[in-house]
């Protein structure tokens, strides 16, 4: 963005940018004049007048709309020629979220953010930390007869995600891990053996990957978070069930990063205490089982 630019320089820049936009979009002076409702001589004057006077807001806005650029760019108030609609479209995307293991889009985002801190509020237990038995129980109804092949094909991707040079911070509601341990709600019907195996798997991963992988538990009665993944400074992605909603603009990424900071700062179970919390749940599952 250019600031405190001289009026004469701003007018000269307007002429240059107007001519550039017309050339790139193959719009003639006559066509532009028809689009904005002025005489062709007015457009010619806009392009050749060497004075310091800028056209009125109606003409500037008409030129911007007709050429698909922003009025701020024509007036040297912005270095981005895109219109507001184009900027929004480039910073916000919707992607279908198939009911499948580590779909291609999510895997591509993890690859793109390799080396950055990845912060994650999962919808259930994180897929990358689940045992095969849990994955089969959860996904077999959706994957049908190819469940075994699909889970096997995902193994390399899951291994890559665990070994990538990224720090992972995971924040989950307390009730999620407890609901799993006691087989209530979403996890109803899971046998004690499968639950104990999953808890042991989590304990092993915590031992192997801490501090590169840190898991926090927050109280959902005090704090709330939709399922979201923040891929470093690159993008943040919300899971909305049938679609992912991805933001790439810096302000939104910073906003949701601060939201994640709150989840971590006010967590009831910090990452260093998570294994002990798991062991207490394991004891309860063993006793009840």
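Each reported figure results from applying straightforward, stated rules to the coordinates on display, with no laboratory input. Just so it is clear, the structure is predicted and the values come from calculations on it, not from any experiment. Note: ideal-geometry Cβ built from the backbone for every residue, glycine included; neighbour counts use all protein chains shown.
For 221, 117, 130, what's the fewest-to-most ordering of other Cβ within 10 Å of each Cβ?
Fewest to most other Cβ atoms nearby, the residues stand as 221, 117, 130.
In what order do 209, 46 fall by count of nearby beta-carbon atoms within 10 Å, going from fewest to most?
Arranged by neighbour count, lowest to highest, 209, 46 become 209, 46.
Could you put 218, 107 in order, starting from the residue whose Cβ has the fewest other Cβ atoms within 10 Å?
On the way: 218 22, 107 16.
Sorted ascending by nearby Cβ count, the order is 107, 218.
Restricting to Cα atoms and excluding each atom paired with itself, what does the Kirkwood estimate give for region 7-82 in Å?
Evaluated over region 7-82, this radius sits at 12.1 Å.
Can you give me the P(r) profile for region 171-289? Cα pairs, bins 5 angstrom wide beginning at 0, each as a whole percent.
P(r) over region 171-289, rounded to whole percents: 2, 10, 17, 18, 19, 16, 10, 5, 2, 0.
Take the Cβ-Cβ distance between residue 242 and residue 262 as r, set R0 to 35 Å, and report the resulting FRET efficiency rounded to the nearest 0.05.
Between residue 242 and residue 262 the formula returns 0.80.
So, in Å, what gap is there between the alpha-carbon centers of region 5-52 and region 185-216?
Value for the Cα centre distance between the two parts: 64 Å.
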